[in-house]
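Here is the structure we will look at.
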Amino acid sequence: MQDVADHYGLEVLRTDMASQFWDEMERQGPPAVDARWCCKVCKLQPIKKMIEDTWGGECLSFIGQRKYESFKRMKSPRVWRSNIIPCQLSASPIQHWTALHVWLYIFRENAPPYNILYSKRIDRIGCFMCPSSDWATFRMIQEDYPPEEWQRWEDALNQYKEEHDLPDIWVEKALWRKRGDTEDDDESSYT
Ligand code: SF4
């Protein structure tokens, strides 16, 4: 991200609630595709606070969301206002683009370095333990990256499993990624 900011001479404002994630994990258990408390706790609430602290009013955000990314995003309008961040008006200029449009645009414009993870077999970039990831992606992350973070995650899963009397398979087969039979309620990382 810093490469891109340097290329365009832009300042990057950063915020996070990383410690809050682990507290919430103890309280609520791991995030799941049908229980994405992580987006609200780790992205939306810190962004809301940063907007309020930095500009004190409303802002217009351009977001790289596309309709082909999920059913929820397919139904999303191109301009919307989030319930969680009402001070942010969001607009998605590439809502109707396919992934091919995006890559052709990047190459045509000779855009600055894109996220290196795309060239390392990962085609959907989120948090390393995102419940929307498939099992193969988890295996790639475990093979390619330093083991400490993944170990911390597995330790937390195992602790939750013990405390709630869940079967071993809940961790081994990553069954924690979905809690029930409800439809994926993709709250959107960006809303
Ligand atoms: S990328 Fe995945 S794990 Fe990260 S906040 Fe979004 S839904 Fe949660």
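The values are calculated or read from the model by the stated rules, or taken from the named source; none is laboratory data. From a predicted model like this one, the values you see are computed outputs, not experimental measurements. Using ideal geometry, Cβ is built from the backbone for each residue, glycine included, and neighbour counts are taken over all protein chains shown.
Tell me which residues, restricted to the stretch 73-102, are over 25 Å from ASP16 (Cα atoms) and assigned to a helix (DSSP H, G or I).
If the condition is that a residue be over 25 Å from ASP16 (Cα atoms) and assigned to a helix (DSSP H, G or I), then MET74, LYS75, ALA99, LEU100, HIS101, VAL102 are the ones that fit.
Against the conditions (1) at pLDDT 90 or above; (2) within 19 Å of the chain's Cα centre (by Cα); (3) in a loop (DSSP other than H, G, I, E, B); (4) away from the ligand (no atom under 16 Å from the Cβ), where does SER61 fall short? Just the number, please.
For SER61, the exception is condition (3).
Here is a check on your reading of the model: is VAL4 more than 11 Å from the ligand (Cβ to nearest atom), aliphatic (A, V, I, L, M) and closer than 23 Å to CYS87 by Cβ?
No: the conditions fail for VAL4.
Of the residues ILE125, ILE141, only one is within 16 Å of the ligand (Cβ to nearest atom), aliphatic (A, V, I, L, M) and in a helix (DSSP H, G or I); which? It would help to see each step written out before you state the result.
On the way: ILE125 fails: in a helix (DSSP H, G or I).
Criteria check complete, one pass: ILE141.
Given ILE106, ILE51, ILE47, which one is surrounded by 17 or more Cβ atoms within 10 Å (Cβ to Cβ), more than 18 Å from the chain's Cα centre (by Cα) and in a helix (DSSP H, G or I)?
Answer to the selection: ILE51.
Given the conditions (1) in contact (Cβ under 8 Å) with a residue 24 or more places away in the chain; (2) of a type in the set (Val, Ile, Thr); (3) closer than 22 Å to ALA5 by Cα, report the number of the one that ILE84 does not fulfil.
Going through the list (1) in contact (Cβ under 8 Å) with a residue 24 or more places away in the chain; (2) of a type in the set (Val, Ile, Thr); (3) closer than 22 Å to ALA5 by Cα, ILE84 breaks only (3).
Contact list please: Cβ distance under 7 Å, first residue in the stretch 119-137 and without any contact (Cβ under 8 Å) to a residue 60 or more places away in the chain and under 20 Å from MET1 (Cα atoms), second residue part of a loop (DSSP other than H, G, I, E, B) and more than 11 Å from the ligand (Cβ to nearest atom), pairs at least six apart or on different chains.
Taking only residues 6 or more apart or on different chains, the pairs are ILE125/ASN115.
Quick one: count up the residues across the stretch 24-54 that are free of Cβ contacts under 8 Å to residues at least 24 places away in the same chain and not charged (D, E, K, R).
2
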